[in-house]
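*Asks:* Sharing a structure here in C-alpha cells format.
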Amino acid sequence: MTVTERAACRVCGGDLEEFLDLGRQPVSQSFREPGDATPEFGFRLAVARCSSCTMVQLVEAVPRELMFHEHYPFRSSGSAALRDHFGRVARRFLETGTFIVEIGCNDGAMLAVVARAGVRHVGFEPSGQAARAARDAGVRVRTDFFDEHAARALAAEEGPADVVYAANTMGHIPDLPSVLRGVDALLGPDGVLVVEDFYLGDVLARTSFDQINDEHFYLFTAHSVLAAGRLHGLDLIDVERLAVHGGEMRFTLARAGRHTPSPAVAALLAEEEERGLAGLAALCRFATDVARIRDDLVATLSDLRSRGLRVVGYGATAKSATVLNFCEIGPDLVSFICDTTPAKQNRVTPGRHIPIRPATAFAEPYPDYALLFAWDHAEQILAREQEFRRAGGRWLLYVPDVHLL
Ligand code: SAH
Ligand code: TMP
Ligand code: ZN
C-alpha cells in the first residue's frame, strides 16, 4: 500500500500551503518485535493549510487499514480520566437521545453506559480487538469504518439518529466529506453531530508538534469546522473546551437553521481572528518554534551523553514517535522507554527502534534524566515517581520548549 499525496484540500478542493515538514515517519502506534527485519512503512509527515476553507491537514494520508486494524493498541477505558469523561458524555446524550450513533467507539467507554441505560445505539469501530471489547461490554458494534456508504446502510435499516458522536476520531479520517455526507444521510431533522478533538489553538499555544502524527490528519479550529460543515448543510452551533488529553475542543453541529448557535461560537471565532489562527503567519511561527525545539532537544541529549549521563524515556506514547523520528533520536541518546502497557513492553518504538521496558525498569537503577513523552499525564506521573527526584533524577520536557523540571 502506498500513501496518497494531494496538493488540493480534501475538504473543499482549494489550494494547500505547506508550512511544516516533520520528516519521514512510521505508523505511530506500530510497535515492533526487536530484530524484526521486515521493511517498515514510512511516509512524509507534512502539514498544510487550505487557502480557501482554512482547514489544517496533512499532505499525505496513510492508508486507514495500516493504522486501524485487529491489533490497534489504544483503549479509551485505559485511563480513569477518560472513563469519567465518557460517562458524563453518555449521561448528557441520554437526556435527549433515543438513537445514538458513535463513530470510533473503541472499547465502548461511552456507549456501554448508553447500553446499560437500555437506549438504542450503534457504534462503528474498525479495529477488531477494540470492537470485541465494546461488544463484550454490551455495545451494538459494527466492525467497520464509518463513511457515507456505511451511514446510508444504517439509516435505511434503523432510521434517523438523534446524536452522532465522534471523539478523537473525526480528525483521523482524511475523507471528511464522505463522513459529513454520511452524517447528512443519518441525522434526524433536529439531531446533533458532536465532535471532540484536538484544537489547533492549543497545539500552537503549547508548541505541541508531537500531537501531529499519521492518525491526526486534521487540526481543527472553529473557522475550519464551520467551513467544512457548511459545505454539507451543517452549522456550528456550540463549542466547549474540554480538559481531556491535556485540552481539547467539543464542536456541536446541526442542520442549518434548526438550532440557534450559542454565543460561545461567535466568541471563539473572534478569539481565533485575534490570534490569527485562520491565517498562515501563526502557522509559520509555529514551524520556526518546532525547528528550535528539535535543535535544543538534540543538543541537550547529545550533551548529556557526552557527559556520561543516562537518559530514559517515560511513556511510549504515539506522541513520542513524532518527536523521535523528527529529531532522529535513537537508543544512543535515549537508552529505553518505560511504559505501563503490556502490549508495548519488550517491543521497540516505530522508526527509531528504542526498546520499551515495563514501568518497573525505571528504578533499576534510576536514570540521571527522564524524558517525559507522556507530558499530558505529568501531574499523575510526577506524583507517583517522587522517589526519582529524591534520588537526584531530573525530568526533561520539550513542550512548550526544552526545559528541566
Ligand atoms: N473515541 C475513542 C477512541 C479514539 S481512537 C476515544 O476518544 O477514546 C480513534 C478510534 O477511531 C480507533 O478506535 C479507530 O479504530 C477508530 N476509527 C478510525 N477510523 C474510523 C472510521 N472511519 N470510522 C469509525 N471508526 C474509526
Ligand atoms: P498515549 O498518550 O499515546 O495514549 O500513550 C500514553 C502512554 O503512556 C501509554 O502507553 C501508557 C503510558 N503511561 C505510562 O507508562 N505511565 C503512566 O503513568 C501514564 C499515565 C501513561
Ligand atoms: Zn479547503
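*Asks:* Could you go through the range 327-340 and let me know if any residue there is closer than 27 Å to H216 by Cα and at pLDDT below 95.
*Replies:* Looking through the range 327-340, at least one residue is closer than 27 Å to H216 by Cα and at pLDDT below 95.
*Asks:* Given the structure, is A321 in a helix (DSSP H, G or I), closer than 19 Å to D214 by Cβ and within 16 Å of ligand 1 (Cβ to nearest atom)?
*Replies:* Yes, satisfied.
Residues checked against (1) away from ligand 2 (no atom under 16 Å from the Cβ); (2) touching a residue at least 12 places away in the same chain (Cβ under 8 Å); (3) more than 21 Å from the chain's Cα centre (by Cα):
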residue	(1), (2), (3)
D339	no, yes, no
A361	no, yes, yes
D368	yes, yes, yes
E387	no, yes, yes
V402	yes, yes, yes
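*Asks:* Next question. Quick one: would you say P400 is surrounded by 12 or more Cβ atoms within 10 Å (Cβ to Cβ), more than 25 Å from D202 (Cβ to Cβ) and more than 16 Å from ligand 3 (Cβ to nearest atom)?
*Replies:* no
*Asks:* Answer with yes or no whether G13 is in a loop (DSSP other than H, G, I, E, B), surrounded by fewer than 14 Cβ atoms within 10 Å (Cβ to Cβ) and modelled with pLDDT of 95 or more.
*Replies:* Spelling it out, G13 is indeed in a loop (DSSP other than H, G, I, E, B), surrounded by fewer than 14 Cβ atoms within 10 Å (Cβ to Cβ) and modelled with pLDDT of 95 or more.
*Asks:* If you don't mind, another one. Looking at D190, D197, can you tell me which residue is closer than 30 Å to G159 by Cα, away from ligand 2 (no atom under 16 Å from the Cβ) and among the charged types (D, E, K, R)?
*Replies:* The match here is D190.
*Asks:* Just wondering, is there one or more residues in the range 243-264 that are surrounded by fewer than 22 Cβ atoms within 10 Å (Cβ to Cβ), in contact with a helix residue (DSSP H, G or I) (Cβ under 6 Å, 6 or more places away or on another chain) and within 24 Å of G14 (Cβ to Cβ)?
*Replies:* no
*Asks:* Across the range 1-10, what is the total count of residues that are outside any loop (DSSP other than H, G, I, E, B) and modelled with pLDDT of 95 or more?
*Replies:* 1
*Asks:* To continue, here is another question. From T169, T221, which residue is closer than 23 Å to F86 by Cα, among the β-branched types (V, I, T), within 16 Å of the chain's Cα centre (by Cα) and within 16 Å of ligand 1 (Cβ to nearest atom)?
*Replies:* None of the other options fit; the residue is T169.
The values are calculated or read from the model by the stated rules, or taken from the named source; none is laboratory data. Predicted, not measured: the structure shown is a model, and the values here were computed from it. A quick note on method: Cβ atoms are made from the backbone with ideal geometry, for glycine too, and the neighbour counts reach across all protein chains shown.
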